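Inspection log for the structure reproduced underneath, given as structure tokens.
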Amino acid sequence: MEYHFSKKVHFDYHAAIDRVTEELRKEGFGIVTSIDMKETLKKKLDVDFRNYMILGACNPRYAYEALLEEDKLGVFLPCNIVVQEHDNGDVEVSMVNPEEMVHSIDDLNLRSFATRVKESLLQVLGNI
């Protein structure tokens, strides 16, 4: 099983971020964090890096249900989504696989829950 799902998109980098954000919204997710790795690495290490944005997406209903089931599950929140522009100009969107995150947890309810979240994220990926 893969730890992520990825797709090359036919948008420029900034349009891809907008499109991902909109499709996440349609599935009930909001962006609660964003980390511009290009900016951060320039500022902290004075190195040049390609366009690379980490979006922390959270669906409040899913988060609430998960935390009621297992209070330590917050270590897996939010779901990270990466939008990056490769050196050749290709733009790729990658999303964490929630099933892989809970793979080591021996709780059938949480595994079932992770499958629901995965299906929702795959819907987003399919729509971009």
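The values are calculated or read from the model by the stated rules, or taken from the named source; none is laboratory data. Keep in mind that what you see is a predicted model, and the values were worked out from it rather than measured. Positions of Cβ are backbone-derived with ideal geometry, glycine not excepted, and every protein chain shown enters the neighbour counts. Keep in mind that these areas ignore ligands, DNA and RNA; they rest on the heavy atoms of the full protein, side chains included. Shrake-Rupley method; radii C 1.70, N 1.55, O 1.52, S 1.80 Å.
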Quiz item: Taking a probe of 1.4 angstrom, what is the accessible area of H103 in Å², to the nearest 10?
Solution: 110 Å²
Exercise. Quick one: go through the stretch 66-100 and flag any residue whose amide nitrogen is under 12 Å from the point 7 Å out along the Cα-to-Cβ line of E2.
Key: 93-97
Exercise. Provide the three semi-axes, in whole Å and in decreasing order, of the ellipsoid equivalent to the stretch 57-128 as defined by the square roots of 5 times the Cα gyration tensor eigenvalues.
Key: 26, 12, 11
Exercise. Quote the accessible area belonging to I35 in square angstrom, nearest 10, computed with a 1.4 Å probe and with ligands, DNA and RNA left uncounted.
Key: 70 Å²
Quiz item: Using θ = phi - 60° and the Karplus form 6.51 cos²θ - 1.76 cosθ + 1.60, what ³J(HN,Hα) does each residue of the stretch 35-47 get, whole Hz, x for Gly and Pro?
Solution: 10, 8, 5, 4, 5, 5, 5, 5, 5, 8, 10, 6, 10
Self-check item: Between 0 and 90°, nearest 10: helix 60-69 axis offset from the chain longest Cα axis
Solution: 40 degrees
Quiz prompt | Nonlocal amide H pairs with S34, under 5 Å, H built at 1.01 Å | solution = G56
Exercise. Tell me the label-point distance for the pair K44, I105, using the 7 Å Cα-to-Cβ offset, in nm and rounded to one decimal.
Key: 2.6 nm
Quiz item: For the stretch 6-74, what's the relative contact order in percent, using C-alpha pairs closer than 8 Å and at least 6 residues apart?
Solution: 27 percent
Exercise. May I ask for the distance between the Cα centers of the stretch 1-55 and the stretch 93-128, given as a whole number of Å?
Key: 18 Å
Quiz item: To the nearest 0.05, how large is the calculated FRET efficiency for N88 and L68 if R₀ is 35 Å and r is the Cβ-Cβ distance?
Solution: 0.20
Self-check item: DSSP-loop GluC sites (Glu not before Pro) across the stretch 2-33, with at most 14 other Cβ within 10 angstrom
Solution: E2
Quiz item: How far, in nm, would the chain grow between D12 and I128 when pulled straight, counting 0.36 nm per residue and subtracting the alpha carbon separation?
Solution: 40.5 nm
